[in-house]
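Quick notes on the structure that follows.
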Amino acid sequence: MKKIPKVILVCLLVGILAFPALAAPAPNGSDAVRKIVVFQDGISKKDQSDALKKVGLKEVKKLSLVNAAVVMVDPAIEAFLLTQPEVLRVDNDPLAYTQKAGKSVPTAFVETLPWGVDQIDADLVWAQMANKGEGVKVALLDTGINLKHPDLVDNIYGGYNAIDPRKAPVDTYGHGTHVAGIIAGMDNEIGVIGVAPRANLYAVKVLDVNSGYISDVIDGLQWCIDNQMQVINMSVGLLEDVESFHEAITRAYEQGIVLIAASGNSGENSVIYPAKYPEVIAVGASDFNNQIPYWSSQGPEVDIVAPGLDIYSTFLGVTYRELIGTSMACPHVAGTAALILSSGISDSNGNGRVNDEVRERLLSTATDLGETGWNSSSGWGLVNAARAVGIPTP
């Protein structure tokens with residue numbers, strides 16, 4: 001049996017004390033932790049900065065999407081900060097983690113059709129509709145992408161490094177590169193071919209190695225909105241519900257972006273955020289026999305499943321690797337969303353955006369696994385790319 005690592009998720013505690021305003025304690029002591037300070041509506045950026053300076057704090061970064069700033073603060077300063085009239089609340093800034101495990105396998109340079117891409121019938125879409133996701137903008141909120149990988153390079157159209165905007169969103173860990181290959185590995189006679197092999201990939205680096213602050217994920221969401229992304233893949237998650245994070249997710253959803261996230265790798269009743277938010281399509285994993293692995297997170301929030309076991313895809317250098325997890329299932333659904341958008345879909349509910357329609361198409365055309373209809377282990381079933389774009393399948 002393959003060993004699946006425990007998902008280690010860090011939750012920081014917020015202590016909110018109602019003391020009258022006194023002189024501010026010395027800032028940034030040895031107990032300082034990273035927090036998100038959310039300001040009242042109508043407070044200008046200058047006034048936000050001034051409010052922090054009054055209590056001896058300096059911004060790590062601004063989060064315009066949620067009217068907030070990131071700071072390093074110790075508990076005594078936090079209590080004082082909450083007495084300032086400009087401040088609405090202080091949120092935790094916990095770490096989100098990738099949702100995968102892996103193993104090294106020999107690299108094959110002759111192009112292969114990965115079993116997961118085959119299982120969801122994406123190849124039927126290419127053959128019968130000549131649709132490979134052309135032109136659809138798909139962002140990966142992840143560890144970055146190997147920008148020089150020969151199986152991805154022509155499909156990478158840009159990106160952003162939320163951790164250090166002065167640097168390119170280069171992947172030094174491999175997770176984001178693996179996810180990218182599942183979505184849009186090129187049809188170029190080497191390595192692998194992704195679900196939507198002509199989609200436009202954007203590397204949004206929000207994780208350093210296998211984890212990253214939620215504030216950087218929020219920053220990445222802002223970039224996606226500003227740059228009109230159509231699909232966001234989030235093969236990351238955490239246990240803690242951070243209000244600022246949910247606000248950012250909601251605003252991305254209201255901009256019409258299709259939001260897709262891994263459900264997590266902790267088994268029954270353990271769906272993580274952001275997959276747990278109603279605006280997000282929560283993706284669990286399936287195996288070769290369309291069974292749900294014991295480690296795939298299950299619960300009332302699961303919407304759909306996709307292949308997540310021994311998924312072969314692009315990695316660091318010019319290599320490839322097999323990885324396991326809902327991190328690998330999630331991009332199968334993101335790639336299918338790109339195929340739907342590329343095939344054309346109308347705004348049937350008249351709200352000016354089509355992400356609701358993409359979601360409905362994904363779920364209504366999924367292949368039932370076991371009992372008919374929705375269940376907490378497989379959601380509405382296995383994503384079916386062919387049916388999702390209107391190709392009848394048995």
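The values are calculated or read from the model by the stated rules, or taken from the named source; none is laboratory data. Keep in mind that what you see is a predicted model, and the values were worked out from it rather than measured. Note that we place each Cβ from the backbone using ideal geometry, even for glycine, and neighbour counts take in every protein chain shown.
The rows are residues; the columns are (1) of a type in the set (G, A, S); (2) within 16 Å of G335 (Cβ to Cβ); (3) in contact with a helix residue (DSSP H, G or I) (Cβ under 6 Å, 6 or more places away or on another chain); (4) surrounded by fewer than 24 Cβ atoms within 10 Å (Cβ to Cβ).
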{"site": "V236", "(1), (2), (3), (4)": "no, no, no, no"}
{"site": "D241", "(1), (2), (3), (4)": "no, no, no, yes"}
{"site": "H246", "(1), (2), (3), (4)": "no, no, no, yes"}
{"site": "A262", "(1), (2), (3), (4)": "yes, yes, yes, no"}
{"site": "G267", "(1), (2), (3), (4)": "yes, no, no, yes"}
{"site": "S286", "(1), (2), (3), (4)": "yes, yes, no, no"}
{"site": "P300", "(1), (2), (3), (4)": "no, no, no, yes"}
{"site": "T314", "(1), (2), (3), (4)": "no, yes, yes, no"}
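What's the number of the only condition in (1) touching a helix residue (DSSP H, G or I) at 6+ places or on another chain (Cβ under 7 Å); (2) at pLDDT below 95; (3) of a type outside the set (S, T, Y) that V209 fails to meet?
Unmet condition: (1).
Determine whether the stretch 261-269 contains at least one residue that is free of Cβ contacts under 8 Å to residues at least 24 places away in the same chain and polar (S, T, N, Q). Explain how you work it out, then say what you get.
So in the stretch 261-269, the residues free of Cβ contacts under 8 Å to residues at least 24 places away in the same chain come out as none.
There is no residue in the stretch 261-269 that is free of Cβ contacts under 8 Å to residues at least 24 places away in the same chain and polar (S, T, N, Q).
For the stretch 171-189: of the residues being within 14 Å of the chain's Cα centre (by Cα) and not hydrophobic (A, V, I, L, M, F, W, C), which is nearest to V206 (Cα to Cα)?
Within the stretch 171-189, the match that is nearest to V206 (Cα to Cα) is G176.
Being among the polar types (S, T, N, Q) and surrounded by 12 or more Cβ atoms within 10 Å (Cβ to Cβ) is the filter; apply it to the stretch 329-351 and report the residue that is farthest from D287 (Cα to Cα).
Pass one, the stretch 329-351, residues among the polar types (S, T, N, Q): 336, 342-343, 346, 348-349, 351.
The next check asks that each one be surrounded by 12 or more Cβ atoms within 10 Å (Cβ to Cβ); those that pass are 336, 342-343, 351.
Working: T336: 18, S342: 28, S343: 28, N351: 37 Å.
Residue satisfying both the conditions and the ranking: N351.
Among the residues of the stretch 143-164, write down those that are of a type in the set (D, E, K, R) and either in a loop (DSSP other than H, G, I, E, B) or crowded, with 24+ Cβ neighbours inside 10 Å (or both). Don't jump to the end; show me each part of the working.
Of all residues in the stretch 143-164, those of a type in the set (D, E, K, R) come to 148, 151, 154, 164.
Residues satisfying the conditions are K148, D151, D164.
Among (1) of a type outside the set (A, V, I, L, M, F, W, C); (2) in contact (Cβ under 8 Å) with a residue 60 or more places away in the chain; (3) surrounded by 19 or more Cβ atoms within 10 Å (Cβ to Cβ), where does P274 come up short?
It is condition (2) that P274 fails.
Any residue that is among the charged types (D, E, K, R) and surrounded by 19 or more Cβ atoms within 10 Å (Cβ to Cβ) - is there at least one of those in the stretch 173-193?
Within the stretch 173-193, the first condition is being among the charged types (D, E, K, R), and the residues that meet it are 187, 189.
With the extra rule that they be surrounded by 19 or more Cβ atoms within 10 Å (Cβ to Cβ), the set shrinks to none.
No: zero hits.
For the stretch 52-60, check the following and say yes or no: at least one residue is under 23 Å from W223 (Cβ atoms), surrounded by 14 or more Cβ atoms within 10 Å (Cβ to Cβ), modelled with pLDDT of 90 or more and within 28 Å of the chain's Cα centre (by Cα).
Yes: one or more hits.
For the stretch 81-115, name all the residues that are touching a Gly at 6+ places or on another chain (Cβ under 9 Å) and either at pLDDT below 90 or assigned to a loop (DSSP other than H, G, I, E, B) (or both). Explain how you work it out, then say what you get.
In the first step, residues of the stretch 81-115 are kept if they are touching a Gly at 6+ places or on another chain (Cβ under 9 Å); the result is 95-102, 107-112, 114.
Result: Q99, K100, A101, G102, T107, A108, F109, V110, E111, P114.
Of everything in the stretch 122-142 that's in contact with a Pro (Cβ under 9 Å, 6 or more places away or on another chain) and assigned to a loop (DSSP other than H, G, I, E, B), which residue is surrounded by the most Cβ atoms within 10 Å (Cβ to Cβ)?
Result: G133.
Could you list, in sequence order, the residues of the stretch 122-138 that are touching a residue at least 60 places away in the same chain (Cβ under 8 Å) and not charged (D, E, K, R)?
A122, L124, V125, W126, Q128, M129, N131, G133, G135, V136, V138
Which of the residues belonging to the stretch 182-202 are in contact (Cβ under 8 Å) with a residue 40 or more places away in the chain and of a type in the set (A, V, I, L, M)? Spell out the reasoning first.
Step one: list which residues in the stretch 182-202 are in contact (Cβ under 8 Å) with a residue 40 or more places away in the chain, which gives 182-185, 187-202.
Within the stretch 182-202, I182, I183, A184, I190, V192, I193, V195, A196, A199, L201 qualify.
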